[in-house]
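Only one structure is covered here, and it is reproduced in the block below.
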Amino acid sequence: MMKLHASGEDYLEAILILQRQMEESAVRSIDLARHMEFSKPSISHAVGLLRDGSFLVMDKDGSLHLTDKGRAGCLRQLKARISKLQNWLKEEA
């Protein structure tokens, strides 16, 4: 099973953010490249790795969709960020 690294989580989170902003279930690679300010080849490479790890799927038209596994990866990252923020706020109080 492929381990999801922080950079992969960043891609998944960006896809989730774009889905919410665009009110669409699918995101195009070009939209992801623009949002993350990465080159199209970098996005293509990352998408390939995430697809191989079953974190996302790509339609025939090239639209990206998060799988349940991909959404779970996003959720883990967001929970970790919230926990860090909560701990920081407690320290500052």
(request) Please determine, in degrees from 0 to 90 and to the nearest 10, the orientation of helix 68-92 with respect to the longest principal axis defined by the Cα atoms of the chain, where the helix direction is its Cα long axis. (result) 30
(message) At R0 = 25 Å, how high is the FRET efficiency between His65 and Ser39 if r is their beta carbon distance? Nearest 0.05 is fine.
(response) 0.65
(message) Please compute the per residue accessible area over the chain with all protein chains in place, 1.4 Å probe, rounded to a whole number of Å².
(response) 68
(request) Could you grab the Rg to Rh ratio for the chain? Cα atoms only, Kirkwood for Rh. (result) 1.03
(request) Scan the chain and hand back the longest stretch that contains none of the trypsin sites (Lys or Arg not before Pro) lying in DSSP loops with at most 13 other Cβ atoms within 10 Å. (result) 4-59
(request) Would you kindly state how much longer the chain becomes between Asn87 and Arg20 on full extension, computed as 0.36 nm times their sequence separation minus their alpha carbon distance, in nm to one decimal? (result) 21.4 nm
(request) Show which aspartates and glutamates lie in cross-link reach of Lys79 when reach means a straight Cα distance below 19 angstrom and same-chain residues fewer than eight apart are skipped. (result) Glu9, Asp10, Glu13, Asp68, Glu91
(request) Averaging sequence separations of C-alpha pairs under 8 Å and six or more residues apart, then dividing by the length of the chain, give the relative contact order as a whole percent. (result) 29
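The values are calculated or read from the model by the stated rules, or taken from the named source; none is laboratory data. Quick caveat, the model's predicted, so the values are computed rather than measured. Positions of Cβ are generated from backbone atoms using ideal geometry, with glycine treated the same way; all protein chains shown enter the neighbour counts. Side chains included, ligands, DNA and RNA excluded: accessible areas come from the protein's heavy atoms. Shrake-Rupley method; radii C 1.70, N 1.55, O 1.52, S 1.80 Å.
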